[in-house]
Each structure stands twice: as structure tokens, then as C-alpha cells.
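A quick write-up on the structure given underneath.
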Amino acid sequence: MTLVVGLEPRLDRCAHWAAAVAPPCPTMSNLFSSDPFLLAAAAAFYPGERAEIVPVAVMDHHFRLLRTNRRLHTQLPFADFVEPEVRPGRPSTLLPFLPLVRVADVPIESWEAVAAARHLAPAPWVDWQSVSSWPEYVRQRRAHRPEAFSAARKARRLERDLGPLRLEFAAADRDLIDRCATWKSAQYQRTGFVDMFAHGGGVRLFHHMFDQGALVVSALRAGDRAVAIHLGALVDQRFYSWITAYDTALATYSPGAVLLERMLAESYRLGHREFDFLIGGESYKFCYATDVRLIGPLGRPGRGVRLWHRLRQAALAQVRRHANLYAALQRVKRWYVQRQVP
């Protein structure tokens, strides 16, 4: 989910590599290049502006981006990364650079060395087509990470104390969107991350997608009470795990983990091709993922951007020596970035 604060690619150090290496085979689909997402983003974040979806090309690779009032958006709130189009339209715009592109796919066992060497961010995912059966998948994930699929005991406690557990994989209750946003906003504030729901645009985005039938709202209920909520999307049988939040009053039961494990089982049962955890190196994702996409820049940024990142890295090296100053600057950064989210 993002503007990916805190995971900005190291543009000054990896632009040369990214310019020299082509992304993997074009994708059949990408949520963040799809009409429903781009049109919902235009309505949510830029109401009243003229919006159009335009094909662009970077180093002979083709993408779809949103343009509003003649401004081309290479990053949008809640958009993680773009991928080359498998059937591109004729590009109307040539760009020298995109900041967040899928540039490589690697097995989960080898992703860390590749990502560290090239300063790329991980986006773990499950390739259901490589899974022979659900029991075998669970066995393999537990062998890889013993903590995988360990929520069953918490689920039994939750059921005993609150009532029977029920997964609504595709709920029709749009009020769950607002509750999820409220819980997630509180989590952002508790943990010191940028609050992507600080303004109304984020909630409007998900409501617009819900109205288009493009949002999958999932909920774990204990009795009649929603204890964890997930906002996701399904595009070309690729399920995107996007926003998860839970009732913190029930944190000891780990309702988010219970919800995730039940959603994985349902995704497999429904015959999805993939379960995509999107960008981020959170430990829990690697308990369940079979593969990792590596995300970074494609092309070469302008001279001003390159100079800014060199100066930024030099300044950070000095500022990090002073903990109080660094913490203060991080607070200023969060305040500034939150103001940029429409």
C-alpha cells in the first residue's frame, strides 16, 4: 500500500543498473495500471480535474499511467508498483524514468542477496500454480518458516471467547471500508508511519473501487462481530493483499493473522493464479510467499533528482549521528508527506 514512504529506491546508486537490465516478461495485468484503480484515484484525489489514462514508454517498455489536467502521475497514493504491459497501446508519451517498477522475479530462497546488491525492495507473492496441494503448501511453508500457519490456536481461543469464526471473503457491507480505514489510521499513528488515511482521499478511493465492483472486502467475524478486515482486489485471477486492519482490543488473539491464513486457503480453493502481498519486507509475508518480485527504478532520473539524492544521502549520514535531530526530522517528514496525500 503506499506512497512507499521509507522504502524509496536508492536512485543515485541503482539507476545505472536499472537502466541496463530489462524487466521480466510483460504481465497480463497490474492492479495499479487498471482502469478501475486509475479512474477511482482520479475521482478520489483529483475531483473536478480532466482525467485520462495514457500509455507511456520507458526504455521500450510500455505502461499505463493517469494524467489529470495535463499532469502525468508516476506515483499515486496506495499504488505500489507498475509492470510492463503485455499488449501495449501506441505510446503517447516517452518518459526517461519511472520510480517503482517490477524489475526482476526471484525465488524466495535467493531474494535477499539480489535485493541487497541492487538496492531493490521486495514484493513477496504466492505462486499457486506451483502448489500441488494445500496440505503440501502448508508443509513446505512450515519447513521454510516454523511460525507459518501458527494462528490456529489463537483462532480456537477467539472462537471460544467471542463465538463461531466466519470468513466473509467478498462481503457486500461497504461500511466495513470505513471501519478498516479507521483501524488502519490508528495503527499508522501508533507505529509512527505516515497516516495514509489522514485525509478523505484514501477512503474515497476504496469506496469508488467498491462501487465499480473492483474491490474485494473481506472480514473475519467472531459471532456477529467483525474482528479483522481486509481490502483487496482480484485482477486476472491475481489476488492483491492490500490493506489489513484489526480491532486492537482483541490484539492478543492475533485476528489479523487468523484472517490472513483463512484468506490464503480461500484464495487457493477459488483457483487464483497468485496471492500478491505487494511491496514491503514485513517478516510475516515471507512465512507464506513462494517467490519475490523485486521493485526499483527503471530508466535514468533527471539530473536534479540525481543531485538531490546524493545530497540527501550525505546529509542523512550526518543527521543519523544525532538521534534527537533524526527523530525530529522524521516527524517533519511524516507531516509533510501526509499533507501531500490528497
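See the values below:
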quantity	calculated
Selection count, the range 89-118, where residues are part of a loop (DSSP other than H, G, I, E, B) and surrounded by fewer than 16 Cβ atoms within 10 Å (Cβ to Cβ)	4
Pairs, first under 25 Å from residue 29 (Cβ atoms) in the range 256-274, second of a type in the set (Lys, Arg) and assigned to a strand (DSSP E or B), C-beta under 8 Å, six or more apart	272/238; 273/238; 274/238
Filter pass, residue 141 being loosely packed, with under 14 Cβ neighbours inside 10 Å and either in contact with a strand residue (DSSP E or B) (Cβ under 6 Å, 6 or more places away or on another chain) or assigned to a helix (DSSP H, G or I) (or both)	no
Test: residue in the range 177-193 that is touching an Asp or Glu at 6+ places or on another chain (Cβ under 8 Å), open to solvent by less than 30 Å² (accessible area, probe 1.4 Å), without any contact (Cβ under 8 Å) to a residue 60 or more places away in the chain and not in a helix (DSSP H, G or I)	no
Identity of the residue in the range 59-93, basic (Lys, Arg) and more than 11 Å from residue 30 (Cβ to Cβ), that ends up nearest to the chain's Cα centre (by Cα)	67
Checklist (1) more than 15 Å from residue 152 (Cα to Cα); (2) not in a loop (DSSP other than H, G, I, E, B) applied to residue 279, failing item	(2)
Where a residue in the range 209-233 is polar (S, T, N, Q) and its partner, wherever it lies, is open to solvent by 10 Å² or more (accessible area, probe 1.4 Å), with Cβ under 6 Å and at least six apart	212/36; 218/169
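The values are calculated or read from the model by the stated rules, or taken from the named source; none is laboratory data. Predicted model, so just to flag it, every value in this text is computed and none were measured. Note that each Cβ is placed from the backbone with ideal geometry, even for glycine, and that neighbours are counted across all protein chains shown. In case anyone asks, the SASA skips ligands and DNA or RNA and just uses the protein heavy atoms, side chains included. Shrake-Rupley method; radii C 1.70, N 1.55, O 1.52, S 1.80 Å.
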